[in-house]
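These notes concern the structure reproduced below.
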Amino acid sequence: MTPFLLSLEDLSVGFTRYSGAARVRTVTGVTSLSLDIAPGEVLAVIGASGSGKTLLAQAILGILPANATVSGRVLFDGKPLDERRLRTLRGREISYIPQSVSHLDPLMTVGRQVRIGLDPRTARDRQRTLFARYGLADDVGGRYPFQLSGGMLRRVLFATSVRDTVRLVIADEPTPGLHADAVAEVLRHLRELSEGGASVLLITHDIFAALAVARRVAVMHAGELLTVEEASAFTGDGDGLKHPFARALWRALPQNQFSPGSE
C-alpha cells in the first residue's frame, strides 16, 4: 500500500485553441508535474498568478473545461482517480474550496448550501456551529449570496466545503478578503483537519499563510513545479532553500527588504 494519499505522476494540462478557420494550437498550462501528499500532511503550493496552481487543482478534481487535455496519472489511495471514482469521492472524501465565491448558488440561501450533504437530523446544528466558528451570525443562514460581503461569502464557502468524511481538502486561495482573525481561523481549521488525518493541498500566493500550516512548500512557475522545499527553510536569508527561484521569492518579500539576492 502506498504511503501517500494523493500522487501526481508526470501530470500535464494543455488547452486546444482555434485561430482562424482551420488553425489549431495547444496552449500548455501545467508541464510534467509529479507530487505526493501523505495522509495528515498540509502541502502548500505557491506561485504567482498564472503559474498553474488553480489548473493543478482542477485537474485533480476533473473539472477542467472541455477543451483541456490531461496526460499523466492522478492516484488516490494508490488507485487511478478516474471520472467514475471522482463522482463518488467529490464532496465526500475529496473536498474543494474554490477560489471564486461565484461557486455559491445565487438562488439558494447560504444556510441551505452549507447543509447540503449533511445528516438531516443534525444539519442545522452543524451549520450553526460552523457559522459561529467563522464569525457568521446565525441569521446569515437565511440570506442569499448577493446579500453578503465578499469576506462573509468566503467564510460561507469554506463552511460548505468541509465535511467530517473528508480525507483530502483542496483549498484554492481560501483567505483573500478575510480579516486577520478570520484568516487565522481558516488556517487553524486546515491544521486541525490534517491533525485528524486528512491531507490538505493549500494553493496560495501568500507565503506566510503557507508557512503557518504547511510542512512542505511546492513552488510553481510558468506551469512547472520548480522545487518542493521544507517550510522550515523559509527563514533568515533563505540560505537553506534548495532552489534559487525559491530563494529569490523569499528575499523579495517586503519583510526581507525586497532584496533581489545574488541568484
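Considering only the stretch 107-263, what is the antiparallel percent among its DSSP beta bridges, to the nearest 5? It would help to have the intermediate numbers written out before the result.
Values: 6 of 11 bridges.
Roughly 55 percent of the beta bridges in the stretch 107-263 run antiparallel, per DSSP.
Could you please rank SER7, SER49, placing first whichever residue has the fewest other Cβ atoms within 10 Å of its Cβ? The partial results should precede the final answer.
Numbers: SER7 19, SER49 8.
Fewest-to-most ranking of SER7, SER49: SER49, SER7.
To make sure I understand, if each residue's beta carbon is the centre and we count other beta carbons within 10 Å, what order do LEU148, LEU190, LEU5 fall in, fewest to most? Intermediate results must be reported in sequence, preceding the final value.
Working: LEU148 18, LEU190 26, LEU5 22.
The order, fewest Cβ neighbours first, is LEU148, LEU5, LEU190.
For a protection proxy built on the mean count of beta-carbon atoms within 10 angstrom, sort 63-70, 8-15, 230-237 highest first, please.
Values: 63-70: 12.6, 8-15: 17.5, 230-237: 14.5.
Highest to lowest by the protection proxy: 8-15, 230-237, 63-70.
For the chain, set up a Gaussian network in which alpha carbons nearer than 10 Å are linked by springs, and say which option among ILE116, ILE170, ILE37 fluctuates the most.
Among ILE116, ILE170, ILE37, the largest mean-square fluctuation in the Gaussian network model of the chain belongs to ILE116.
What translational diffusion coefficient, to the nearest whole µm²/s, does the stretch 98-242 have by Stokes-Einstein, given a Kirkwood radius computed over alpha-carbon pairs, a temperature of 4 °C and 1.567 mPa s viscosity? Intermediate values should be presented prior to the final figure.
Values: Rh = 16.5 Å.
For the chosen part, D equals 79 µm²/s.
First check a/c for the stretch 1-86, with a ≥ b ≥ c the square roots of the eigenvalues of its C-alpha gyration tensor; if it is under 1.5, answer rounded, and if not, answer prolate when a/b is larger than b/c or oblate otherwise. Working shown, then result.
On the way: a/c = 2.77, a/b = 1.80, b/c = 1.53.
Prolate shape, in that a/c is at least 1.5 and a/b is the bigger ratio.
Translational diffusion coefficient, Stokes-Einstein: compute it for the chain using the Kirkwood radius over C-alpha pairs as Rh, at 10 °C and 1.306 mPa s, and state it as an integer in µm² s⁻¹.
Working: Rh = 19.6 Å.
Rounded, D is 81 µm²/s.
Pull up the DSSP beta bridges for the chain and report the antiparallel fraction as a percent, rounded to 5.
Values: 27 of 46 bridges.
Roughly 60 percent of the DSSP beta bridges within the chain come out antiparallel.
Just add up the charged neighbours of ALA68: K/R +1, D/E -1, any other residue whose Cβ is under 15 Å from the Cβ of ALA68.
Details: positive: ARG17, ARG25; negative: GLU83.
So the environment of ALA68 carries a net charge of +1.
Okay, helix-only estimate at 222 nm for the chain: each DSSP H run of n ≥ 4 adds -39500 (n - 2.57), divide by all residues, round to 500 deg cm²/dmol; what do you get? It would help to have the intermediate numbers written out before the result.
Details: 8 runs with 76 residues, N = 263.
The per-residue figure over the chain is -8500 deg cm²/dmol.
Coordinate-derived values only; no laboratory data. Here the structure is a predicted model, which is why all the values come from computation and not from measurement. So basically every Cβ, Gly included, is an ideal-geometry build from the backbone, and we count neighbours across all protein chains shown.
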